[in-house]
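The values are calculated or read from the model by the stated rules, or taken from the named source; none is laboratory data. From a predicted model like this one, the values you see are computed outputs, not experimental measurements. Methodologically, a virtual Cβ is constructed for each residue, glycine included, from the backbone with ideal geometry; neighbour enumeration extends over all protein chains shown.
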Amino acid sequence: MGGCMSHLPASCLWQGALPAVAPSSLPPVAEECDVAIIGAGYTGLWTAYYLKRQDPALHVQVFEAAHAGFGASGRNGGWLIGGIAGQDAWLASLDEDAREATRQLLYGIVDEVKTVCEREGIGCDLAHGGVLYAARGVAQARRARAWLTDLQRAGHTAADFRWLSASELAAQLQIADGLGAVFSPHCATLHPLKLVQGLLHTVRRMGVRVHEACPVAGFGKGRVRLQGGEVRARWIVPALEGASTTLPELKGRVQPAQSLIVATEPLSAAQWDAIGLAGRAAFSDLSRGVTYGQRTADGRLLFGARGGYQFAGRPRWDFDPQGDEFSLRTELMRQFFPQLQDVRITHAWGGSLGLARGFTPFALRDRSRGVACAGGYGGEGVGASNLMGRTLADLICERETLLTRQRWVEGEAGLSSLRRWEPEPLRYLGYHAIRSAFVLDDALADRQDIPARLRRLVGAGADALEGLMH
Ligand SMILES: Cc1cc2nc3c(=O)[nH]c(=O)nc-3n(C[C@H](O)[C@H](O)[C@H](O)COP(=O)(O)OP(=O)(O)OC[C@H]3O[C@@H](n4cnc5c(N)ncnc54)[C@H](O)[C@@H]3O)c2cc1C
């Protein structure tokens, strides 16, 4: 049961340092199993891991079109966040006890991943240094204050998110126009592909059959269609995230959007002294651009920014490292760090992440179809996929737990309970309208030659659009 094989590009930093991943030929596909998982990214592998932890006798198979980590899991920015997108509106609506339990569950993601890595001997350069959301300029500082108020309303304390003054920020990160930052300890940075590969070896050791270069053509009740035949399974777990539109059964539920990253050559100790990040904290600014960065274990600065939606939600995995999209990110990185003006960019790559229509992740069990799935992490899937993998394992093993009682678990209506995205061309037009409003707002922020009233108006419009996304 072969298939066309694709590899992570060498221009992806994470792949560059590791030996090319060869597809495995063993063991053979079994015609019947308990759980068939589609996709060997974090969601698929975490689900397999927790299923086997709960019931070692379960027969689990994973079918991966390319190789483990070919998707977003092998390409991302390596932020392991102790939280999930859109959590604060939920938290604010819970009573105090439930809110506290959910907060601990979310913050606990980082420790859970650390614990598994230690237990299973997975080395992925994990550094638990927290995250700095820097306020670059007055408009971003204003946004930071409003955000802190929302965070308090959601029950987060100053131990979870706190304001750092400009000098406190500078002691950790020297970023241009930094007026302060929101700091949270609930984040770590890691090498994403090493985590995928460690999980792959771990689940194989536990007896999970992971079949690479083995694309799934579709699935129906109790059946997964492969190129050369069919596999029967009690449960089917599509774990495709940014590639969900490629299977007809998931079309319209999770939309791919792209994010792109550049990485510098390894920097000298003196260059790092001029930047900071001694504890390898993750960093971002508070623009609308969804920027993110980390200091890698081998001393490079990695910098990424969201951007890109393809008509009809086609996922995208190939990028031209010399293209304008990367020049833009490099330019932005140099605005953040003028001290890196002459530093060489050695890697540039991108990938597709998945957005649910509700802009928050979900996990669901659809008994009538024999399907359990999760996704819609909105670019914050490194940690969320661990939480959802645990949740799916509980749902499949029919365990009632704190995880299965959470708001992110859709009711038994299953797949049909997932809101559908608007049809094209509305999605395409909507995406570009929102993106243009965000770019305009970022460009006008702090521009003294533009009337303050006009800047406020654009800011309020962008706020309203952002509000729609939570
Ligand atoms: C550039 C970028 C930066 C990011 N940065 C961060 C970050 O710093 N922190 C964070 O939390 N999140 C980040 N994300 C998001 C995060 O990486 C994803 O949410 C997460 O990896 C999703 O994991 P997954 O297993 O659900 O999907 P994926 O990792 O995309 O896995 C899906 C798998 O399914 C396979 N597949 C597709 N079609 C088929 C088929 N028909 N049959 C079989 N297999 C198939 C694919 O090859 C792929 O391996 C980023 C994403 C991108 C693209």
Item to check | Enumeration of residues in segment 295-318 that are touching a Ser or Thr at 6+ places or on another chain (Cβ under 9 Å), under 21 Å from TRP421 (Cβ atoms) and within 14 Å of the ligand (Cβ to nearest atom) | outcome: ARG306, GLY307, GLY308, GLN310, GLY313, ARG314, PRO315, ARG316, TRP317
Checklist entry - If the Cβ limit is 6 Å and pairs must be 6+ apart or interchain, which residue in segment 425-444 that is in contact (Cβ under 8 Å) with a residue 60 or more places away in the chain pairs with which residue that is among the β-branched types (Val, Ile, Thr)? => result ASP441/VAL458
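In segment 363-375, which residues are within 12 Å of the ligand (Cβ to nearest atom) and closer than 18 Å to ARG399 by Cα? Before the answer, list the steps.
Start the filter on segment 363-375 by keeping residues that are within 12 Å of the ligand (Cβ to nearest atom), which leaves 363, 373-375.
If the condition is that a residue be within 12 Å of the ligand (Cβ to nearest atom) and closer than 18 Å to ARG399 by Cα, then ALA363, CYS373, ALA374 are the ones that fit.
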Next on the checklist: Looking for something in contact with a Leu (Cβ under 8 Å, 6 or more places away or on another chain), under 29 Å from GLY178 (Cβ atoms) and polar (S, T, N, Q) - is there at least one such residue anywhere in segment 325-335?
Outcome noted: no
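Taking SER244 as the residue in question, decide whether it is at pLDDT below 95 and within 22 Å of the chain's Cα centre (by Cα).
So SER244 passes the test.
Which one of these is surrounded by fewer than 20 Cβ atoms within 10 Å (Cβ to Cβ) and in a loop (DSSP other than H, G, I, E, B): GLY83, GLY123?
None of the other options fit; the residue is GLY123.
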Next on the checklist: Checking the conditions here, which among ALA89, ALA30 is more than 16 Å from the ligand (Cβ to nearest atom), over 16 Å from the mean Cα position of the chain (by Cα), aliphatic (A, V, I, L, M) and assigned to a loop (DSSP other than H, G, I, E, B)?
Outcome noted: ALA30
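Every residue, every condition in (1) out of contact with any Leu (no Cβ under 8 Å at 6 or more places or on another chain); (2) of a type outside the set (Ser, Thr, Tyr); (3) on the phi > 0 side of the Ramachandran plot, yes or no:
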residue: ARG53; (1), (2), (3): yes, yes, no
residue: PRO56; (1), (2), (3): yes, yes, no
residue: GLU64; (1), (2), (3): yes, yes, no
residue: ARG75; (1), (2), (3): no, yes, no
residue: GLY82; (1), (2), (3): no, yes, no
residue: ARG99; (1), (2), (3): no, yes, no
residue: TYR107; (1), (2), (3): yes, no, no
residue: VAL116; (1), (2), (3): yes, yes, no
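Based on what the data block shows, is ALA30 within 28 Å of THR245 (Cβ to Cβ), out of contact with any Asp or Glu (no Cβ under 8 Å at 6 or more places or on another chain) and at pLDDT below 95?
Details: within 28 Å of THR245 (Cβ to Cβ): no; out of contact with any Asp or Glu (no Cβ under 8 Å at 6 or more places or on another chain): yes; at pLDDT below 95: yes.
Considered against the rule, which asks whether it is within 28 Å of THR245 (Cβ to Cβ), out of contact with any Asp or Glu (no Cβ under 8 Å at 6 or more places or on another chain) and at pLDDT below 95, ALA30 comes out as no.
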Checklist entry - Consider ARG367 against the criteria (1) buried (at least 17 other Cβ atoms within 10 Å of the Cβ); (2) more than 22 Å from the chain's Cα centre (by Cα): it satisfies all of them except one. Which criterion is unmet? => result (1)
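The rows are residues; the columns are (1) part of a loop (DSSP other than H, G, I, E, B); (2) of a type in the set (S, T, N, Q); (3) within 24 Å of PHE362 (Cβ to Cβ).
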| residue | (1), (2), (3) |
| --- | --- |
| THR102 | no, yes, yes |
| LYS114 | no, no, no |
| THR149 | no, yes, no |
| GLN152 | no, yes, no |
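Determine which member of the set ARG334, ARG329 is in contact with a strand residue (DSSP E or B) (Cβ under 6 Å, 6 or more places away or on another chain), more than 30 Å from ALA233 (Cα to Cα) and assigned to a helix (DSSP H, G or I). Quick ask: steps written out before the conclusion?
On the way: ARG334 fails: in contact with a strand residue (DSSP E or B) (Cβ under 6 Å, 6 or more places away or on another chain).
Sole residue among the options that is in contact with a strand residue (DSSP E or B) (Cβ under 6 Å, 6 or more places away or on another chain), more than 30 Å from ALA233 (Cα to Cα) and assigned to a helix (DSSP H, G or I): ARG329.
When only residues in segment 381-400 that are over 12 Å from GLY83 (Cα atoms) and within 15 Å of the ligand (Cβ to nearest atom) count, which is surrounded by the most Cβ atoms within 10 Å (Cβ to Cβ)? Steps first, please.
Step one: filter segment 381-400 for residues over 12 Å from GLY83 (Cα atoms), giving 389-400.
Applying the additional criterion that residues be within 15 Å of the ligand (Cβ to nearest atom) yields 389-393.
On the way: GLY389: 26, ARG390: 24, THR391: 28, LEU392: 32, ALA393: 26.
Ranking the qualifying residues of segment 381-400, first place goes to LEU392.
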Next on the checklist: Checking the conditions here, which among GLY354, GLY378 is surrounded by 22 or more Cβ atoms within 10 Å (Cβ to Cβ), part of a strand (DSSP E or B) and within 12 Å of the ligand (Cβ to nearest atom)?
Outcome noted: GLY354
Checklist entry - For segment 434-461, how many residues meet the condition of being crowded, with 17+ Cβ neighbours inside 10 Å and over 31 Å from the mean Cα position of the chain (by Cα)? => result 1
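Sort out which residues of segment 256-276 are more than 10 Å from the ligand (Cβ to nearest atom), in contact with a strand residue (DSSP E or B) (Cβ under 6 Å, 6 or more places away or on another chain) and not acidic (Asp, Glu), and write them in order of number. Give the steps one after another, and end with the answer.
Narrowing segment 256-276 to residues more than 10 Å from the ligand (Cβ to nearest atom): 262-276.
Within this subset, residues satisfying the condition of being in contact with a strand residue (DSSP E or B) (Cβ under 6 Å, 6 or more places away or on another chain) are 262-265, 276.
Passing the criteria: VAL262, ALA263, THR264, GLY276.
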Checklist entry - If only one of ALA57, ALA68 is more than 9 Å from the ligand (Cβ to nearest atom) and either over 18 Å from PRO238 (Cβ atoms) or buried (at least 24 other Cβ atoms within 10 Å of the Cβ) (or both), which one is it? => result ALA57
Checklist entry - Looking at segment 185-195, is at least one residue surrounded by fewer than 17 Cβ atoms within 10 Å (Cβ to Cβ) and within 12 Å of the ligand (Cβ to nearest atom)? => result no
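In segment 277-294, what count of residues is obtained for those that are in a loop (DSSP other than H, G, I, E, B), closer than 12 Å to ARG306 by Cα and within 15 Å of the ligand (Cβ to nearest atom)? Step through it out loud before you land on a result.
Let us first name the residues in segment 277-294 that are in a loop (DSSP other than H, G, I, E, B), namely 277-281, 286-290.
Now restrict to residues that are closer than 12 Å to ARG306 by Cα: 287-290.
Imposing the further condition that a residue be within 15 Å of the ligand (Cβ to nearest atom) reduces the set to 289-290.
Going through segment 277-294 one residue at a time, the tally reaches 2.
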Next on the checklist: Can you tell me how many residues within segment 341-351 are more than 10 Å from the ligand (Cβ to nearest atom) and modelled with pLDDT of 95 or more?
Outcome noted: 6
Checklist outcome for this item: Here the qualifying pairs (Cβ atoms under 8 Å; residues six or more apart or on different chains; first in segment 292-316 and over 13 Å from THR264 (Cβ atoms); second near the ligand (Cβ under 9 Å from one of its atoms) and in a loop (DSSP other than H, G, I, E, B)) come out as TYR292/GLY77; ARG306/GLY379
Item to check | Among (1) within 14 Å of the ligand (Cβ to nearest atom); (2) at pLDDT below 95; (3) aliphatic (A, V, I, L, M), the one test that LEU328 misses | outcome: (1)
